Amino acid sequence: MKKVWLLLFSLFFSFILIDNVEAASASINASSSKSTVIVGDTVTVTVKISSSSNLGAWNFDVDYSSNLTFVSSSFGGLYIADAAQTATTKSKSYTFTFRAKSSGTGKVSISNARVIDFDTEKNMSVSKGSTSFRIMTQSELESTYSKNNNLSSLEVEGHNLSPIFDKDTLEYSLELEYGTESINIKATKEDSRASVDGTGKINLSEGLNVLKIIVTAENGSTKTYVINATVKELDPINVTVDSEEYSVVREKEFLPNVGSTYQDTVIKIDDKDVPAYYNSITDFTLVGLKNKAGDINLYLYKDGTYKLYEEYNFNQLAIYLLEMDESLLPSGYSKNNIKIGDKEVVAYTKEGLEYPIVYGLNIATGEKNLYKYDAKENTIQRVESTSSNKEELYFNIILGSLGFTAVSYLFFITLLTKKNKQQKNFLEKTMRMNISDIKTDKDLSDTLYKNNEKLSKKEQKKSKKENKKKLKKEAKKTDDDEMASL
């Protein structure tokens, strides 16, 4: 180890301490990780020092062009001063990371290099390398891409296409015998940098199969070749749904996949066996229909009618949307169309609220519910009672309470008025009976009557007794006076 440090020390004073005789050679080469770098991206440059002789110590600088920015290195910087850790070291590598700043040619080179032989402790002759790469903007790079998205050949193994292939003819037809389950499509691209999808073994169903072969050029532009492969049907079942003609799918393997809540079954349509799916919870039966373009979709089948089946999945929850029962809606919601995934559906929205409401059937439970839909998270949540429902409920309770209070108050007033009237009538009757005997004192009875109206309920009872006493007293006085006069 002591010798290693002596070698490293001598590297910086080589002109003074050692003989300037060159005994061996070493090379310092650079290589980049990319041949083309996009402005803003990084590139890694590897610098390797090597020799057929044992390396002792070395130093060198790493230079770079002005359209690059130094980011980092495995040694820590751009100046390297290092020494071998063993007596048999013949190479050592370092990595440097740069970021591209602007278009042009990026260059990383080696300068001021010195290497000392471990065995002789003499300077080695050094060859210094560099690496260059192209720096481009994204738009500049894309402008260099090939636009060629043509096929040079297209064929179906064992069959003839109509018309004969031409790279500018995009649609072909092929008729196949009943029972044909698959074909093998072969295609050759005109440009090796392009890519092709839709070739190889392709499974077929009875009727029309629209097969697409898509060629994508290096620049991303596409061209689609179409083969309309028709497999003859032995006994087709043709139906019309919403003025469009379909054929019933009679091969199980061509039915689209459906959730685990459905079981495979076979039903009869026009006295023919048809593969189907059945859900015992919802009592849904699904069959496959194929349109003229060869697309197959599931339809809800019941009593000879067909309705497109669209199941919406949210995590592990599968919902079949139903026509909205507007009586279930909270107040303030209006009908609108929204998108769930790539499909447009009917929903109900309310100004100021983020989540629209849909009405659907839970495929797993068979329950019908209102659901709030969160488009950002693609989730739904069952609506138990919205805030508007609660507010409306509270309002109705309060309104009902106020109404009950008002009715009770009116009833009480009416009852009190009636009772007062009865009391008044009673007093009047009593007073009339007695006043007939004391007609000479009518003013007194009127005064008592008026005062009585102003008294409270308790006071009225008390006043009534007092009135009777006064009336009796006055009546007795009158009798006594009459007797005295006689």
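The values are calculated or read from the model by the stated rules, or taken from the named source; none is laboratory data. Quick caveat, the model's predicted, so the values are computed rather than measured. Methodologically, a virtual Cβ is constructed for each residue, glycine included, from the backbone with ideal geometry; neighbour enumeration extends over all protein chains shown.
The figures follow:
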item	result
Matching residues in the stretch 133-183 - criterion: being touching a residue at least 60 places away in the same chain (Cβ under 8 Å) and outside any loop (DSSP other than H, G, I, E, B)	F133, R134, I135, M136, Q138, L141, E142, L151, L154, V156
Which listed residue, of Y246, Y225, is over 23 Å from E177 (Cβ atoms), assigned to a strand (DSSP E or B) and out of contact with any Gly (no Cβ under 7 Å at 6 or more places or on another chain)	Y225
Selection count, the stretch 296-310, where residues are outside any strand (DSSP E or B) and surrounded by 18 or more Cβ atoms within 10 Å (Cβ to Cβ)	1
Qualifying residue in the stretch 24-47 (condition: at pLDDT below 95 and more than 30 Å from T137 (Cβ to Cβ))	yes
Answer residue from the stretch 100-124, given it is charged (D, E, K, R) and part of a loop (DSSP other than H, G, I, E, B) and is farthest from K90 (Cα to Cα) among those	K101
Filter result for T105 (exposed (fewer than 14 other Cβ atoms within 10 Å of the Cβ), over 50 Å from the mean Cα position of the chain (by Cα) and free of Cβ contacts under 8 Å to residues at least 60 places away in the same chain)	no
Per-region count, the stretch 324-346, residues farther than 13 Å from Y371 by Cα and part of a loop (DSSP other than H, G, I, E, B)	5
Residue satisfying condition, being in contact with a helix residue (DSSP H, G or I) (Cβ under 9 Å, 6 or more places away or on another chain), among the aliphatic types (A, V, I, L, M) and surrounded by 14 or more Cβ atoms within 10 Å (Cβ to Cβ), within set A30, A83, A87	A83
Matching residues in the stretch 359-381 - criterion: being in a strand (DSSP E or B) and closer than 18 Å to G259 by Cβ	G360, L361, N362, K368, N369, Y371, T379, I380
Test: residue in the stretch 75-82 that is at pLDDT 95 or above, in the same structural domain as N29 (by TED's automatic domain parsing), under 30 Å from S139 (Cα atoms) and of a type in the set (A, V, I, L, M)	no
Any hit, the stretch 361-377, residues being among the hydrophobic types (A, V, I, L, M, F, W, C), more than 30 Å from N203 (Cβ to Cβ), in contact with a helix residue (DSSP H, G or I) (Cβ under 7 Å, 6 or more places away or on another chain) and touching a residue at least 24 places away in the same chain (Cβ under 8 Å)	yes
